[in-house]
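Here, each number is a calculation from the coordinates, and none is a lab measurement. Keep in mind that this is a model prediction, so the values were computed, not measured. Cβ atoms come from the backbone with ideal geometry, glycine included; neighbour counts cover every protein chain shown.
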Amino acid sequence: MERFTGSFTQQEPIPEEGIEAALAVLRHGRLHRYNTAAGEVAETALLEEEFAALVGARYCLAVASGGYAMGCALRAVGVGPGDAVLSNAFTLAPVPGAIASVGGRPVFVEVTEDLTIDLAHLEVQAGASGAKVLLLSHMRGHVCDMEALVALCDRLGVTVVEDCAHTMGATWRGVPSGRHGRVGCYSMQTYKHINSGEGGFIVTDDAEVAARAVLLSGSYMLYARHRAAPAPEVFERIRLDMPNISGRMDNLRAAILRPQLKLLADRVGRWGVLYRTLEDGLRDTGGLRLIPRPAQEVYVGSSFQFLLPDWGAGRIKALIARCAARGVELKWFGAEEPVAFTSRYDHWRYAAPAPLPATDRVLAGLIDMRVPLTFTPDDCALIARIIRAEVLAVQQSGEEAAAAVPLAD
Ligand SMILES: Cc1ncc(COP(=O)(O)O)c(C=O)c1O
């Protein structure tokens with residue numbers, strides 16, 4: 001019987017160029033972004049300039065985490081205490097957490113079987129809540145019809161902030177993910193597409209939003225040291241009105257990240273090969289539904305999902321246990337109790353979520369898997385053979401298991 005022995009949490013190492021650049025920062029000791037020698041441009045400012053160029057944004061701010069990026073962006077577009085903010089019900093804890101961090105009230109929107117936001121329900125929820133901002137999570141890299149979303153939100157007067165934690169490097173009809181809404185937010189947390197352990201970006205073309213974000217992130221009166229930021233006049237208008245909520249990126253992490261930006265396109269290509277190997281290996285497996293990928297998108301296959309519609313909890317637990325015994329780590333969005341990372345909207349009790357029957361049905365059958373770039377196409381073919389065999393075996397045996405299984409993180 002075949003067994004997989006690789007690690008689902010092992011990322012690639014930091015490229016040598018990043019290690020060298022990080023050592024240079026450690027040797028000179030100027031880790032804080034505003035601590036520069038005469039004539040020196042901070043690694044952080046260069047990183048922002050390079051990321052802005054990569055996604056075609058006028059402004060970019062590097063911050064401490066993806067969650068910070070989202071909270072800061074929400075505050076910068078004007079969300080305040082008590083405001084309703086729309087978001088996908090299918091997302092992870094940092095998304096409603098960012099809304100809560102500015103005193104906002106998450107209003108969840110149903111997910112479709114294609115794992116994207118349900119636009120009809122978005123309209124219903126916008127009307128019912130009066131929310132004027134949507135924090136749109138491109139959860140696990142699944143992107144909705146962005147033209148339809150933008151048209152709908154324009155019609156409703158809803159500002160879109162994009163959570164691109166899982167779509168850095170992806171495009172929709174050639175437009176980089178994060179460039180459809182007013183603001184795009186990204187994460188560089190260790191499992192993301194570029195890795196500095198922790199980190200985030202905010203991009204926008206809106207000068208006032210960009211200036212607010214820079215001030216909010218803790219620039220004191222040193223905002224002129226930014227390069228991918230608006231002109232000083234924009235800051236002068238608002239600099240005394242913005243609280244300082246420190247969440248800056250530092251030069252060490254920027255040094256690690258800059259060389260990875262150059263590798264992003266290649267990584268997207270390699271992830272695509274791994275993803276399609278898994279897809280090919282699982283195609284036409286009875287009882288298993290693959291998630292269709294629209295032709296308009298270039299996606300980043302850093303994780304893989306499939307549905308086991310109407311399987312029931314016992315059979316899904318049996319499948320996860322069988323796959324784990326063969327070295328394949330699957331996660332399930334249907335578990336009753338949060339384990340490790342909280343993953344389901346109804347676990348976020350502080351948000352007082354109303355039941356969402358369509359989302360409940362999707363999550364009850366949704367399986368998720370990390371795909372680190374240390375996997376080879378042969379690894380992915382093997383993983384697909386194991387899952388396929390076990391899906392068929394569980395269905396034939398009618399086996400059920402009661403044991404707890406982990407949620408997705
Ligand atoms: C969907 C989603 N959005 C946002 C984030 C926030 O990223 P960070 O961990 O950098 O705060 C994460 C992190 O895992 C995430 O999964």
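Treating only the Cβ atoms of Lys and Arg (+1) and Asp and Glu (-1) as charged, compute the dipole magnitude of the range 61-217 about its Cα centre; round to the nearest 20 debye.
Approximately 380 debye in magnitude.
Running a GNM on the chain with Cα contacts under 10 Å, which residue among GLY103, GLY39, GLY301 ends up with the highest mean-square fluctuation?
GLY39
Taking the simple approach of a point 7 Å from Cα along Cα-to-Cβ for both LEU261 and VAL273, what is their distance in nm?
That separation, rounded to one decimal, is 2.6 nm.
Per the Kirkwood formula on distinct C-alpha pairs, the Rh of the range 264-397 is how many angstrom?
Taking the inverse mean of 1/r over all distinct Cα pairs, the range 264-397 comes out at 15.9 Å.
Going through the range 274-345, which trypsin sites (Lys or Arg not before Pro) have at most 14 other Cβ atoms within 10 Å and a DSSP loop state?
Loop-located and lightly packed - ARG283.
Just tell me which aspartates and glutamates come within less than 14 Å, Cα to Cα, of LYS192; anything on the same chain fewer than 8 places away is out.
Cross-link targets: GLU12, ASP163, ASP409.
Rounded, prolate or oblate: which fits the chain, taking a ≥ b ≥ c as square roots of the Cα gyration tensor eigenvalues, rounded meaning a/c under 1.5, else prolate when a/b beats b/c?
It is oblate, given that a/c is not under 1.5 and a/b is not larger than b/c.
Test of understanding: what is the full-extension gain from GLN396 to ALA321, defined as 0.36 nm times their sequence separation minus their Cα-Cα distance?
Residue separation times 0.36 nm, minus the Cα-Cα distance, leaves 25.4 nm.
Using each residue's phi in the range 278-284, evaluate 6.51 cos²θ - 1.76 cosθ + 1.60 at θ = phi - 60° and report the 3J(HN,Hα) Karplus result to the nearest Hz, with x for Gly and Pro.
After applying 6.51 cos²θ - 1.76 cosθ + 1.60, I find 5, 4, 4, x, 9, 4, 6 Hz.
Can you list, bin by bin at 10 Å, the percent of alpha carbon pairs in the range 1-143, starting at 0?
Binned Cα distances yield the sequence 10, 26, 28, 22, 13, 3, 0.
Between GLU113, GLU399, GLU43, where does the largest GNM mean-square fluctuation fall for the chain, given springs only between Cα atoms within less than 10 Å?
GLU399
Identify, among TYR220, ALA389, GLY247, the residue whose Cα sits farthest towards the positive end of the charge dipole of the chain, taking +1 on the Cβ of Lys and Arg and -1 on the Cβ of Asp and Glu, with the dipole about the Cα centre.
Ranked along the dipole, the leading option is TYR220.
Could you give the radius of gyration (one decimal) and Dmax (whole number) of the Cα atoms in the range 165-233, in Å?
Taking only Cα atoms of the range 165-233, I get Rg and Dmax of 13.5, 39 Å.
Give me the dipole magnitude in Debye, nearest 20, for the range 203-263 about the Cα centre, with unit charges on the beta carbon: positive for Lys and Arg, negative for Asp and Glu.
That gives the range 203-263 a dipole magnitude of about 380 debye.
Starting from the Cα-Cα distance between GLU113 and VAL41, subtract it from 0.36 nm times their residue separation and give me the gain in nm to one decimal.
In short, 21.2 nm is gained.
What residue among LEU122, LEU252, LEU156 has the largest mean-square fluctuation in a Gaussian network model of the chain, using Cα springs under 10 Å?
For the chain, modelled as a Gaussian network with Cα springs under 10 Å, the answer is LEU156.
With θ set to phi - 60°, apply the Karplus curve 6.51 cos²θ - 1.76 cosθ + 1.60 along the range 128-141 and write out the HN-Hα couplings as whole Hz, x wherever there is a Gly or Pro.
Those phi angles translate into 5, 9, x, 4, 10, 9, 10, 9, 8, 9, 7, 4, 6, x Hz.
List residues of the range 140-157, by number, whose backbone nitrogen lies under 15 Å from a label position 7 Å along Cα→C-beta of ALA358.
The answer is 144-145, 149, whose backbone nitrogens lie closer than 15 Å to the label point.
What shape does the range 16-259 take by its C-alpha gyration tensor, where a ≥ b ≥ c are the square roots of the eigenvalues and a/c under 1.5 counts as rounded, a/b above b/c as prolate, and the rest as oblate?
prolate
From Cα pairs below 8 angstrom and at least 6 apart in sequence, can you work out the relative contact order of the range 264-397, rounded to a whole percent?
Once normalised by length, the contact order is 39 percent.
Of the beta bridges DSSP finds with both residues in the chain, what % are antiparallel, to the nearest 5?
Given both bridge residues lie in the chain, the antiparallel proportion sits at roughly 65 percent.
For the residue pair VAL175 and ASN244, what label-to-label distance in nm results when each label sits 7 Å from Cα along the Cα-to-beta-carbon direction?
Between VAL175 and ASN244, the simple spin-label model gives 3.7 nm.
With unit charges on the beta carbons (Lys and Arg positive, Asp and Glu negative) and the dipole taken about the Cα centre of the chain, which residue among VAL268, TYR59, LEU288 sits farthest to the positive side?
With unit charges placed on the Cβ atoms, the residue in question is TYR59.
In percent, what relative contact order does the chain have, based on Cα pairs under 8 Å that are 6 or more apart in sequence?
That works out to 22 percent.
Set Lys and Arg Cβ to +1 and Asp and Glu Cβ to -1, take the dipole of the chain about its Cα centre, and tell me which of PHE375, PRO13, GLY141 lies farthest positive.
Positive-most Cα among the choices belongs to PRO13.
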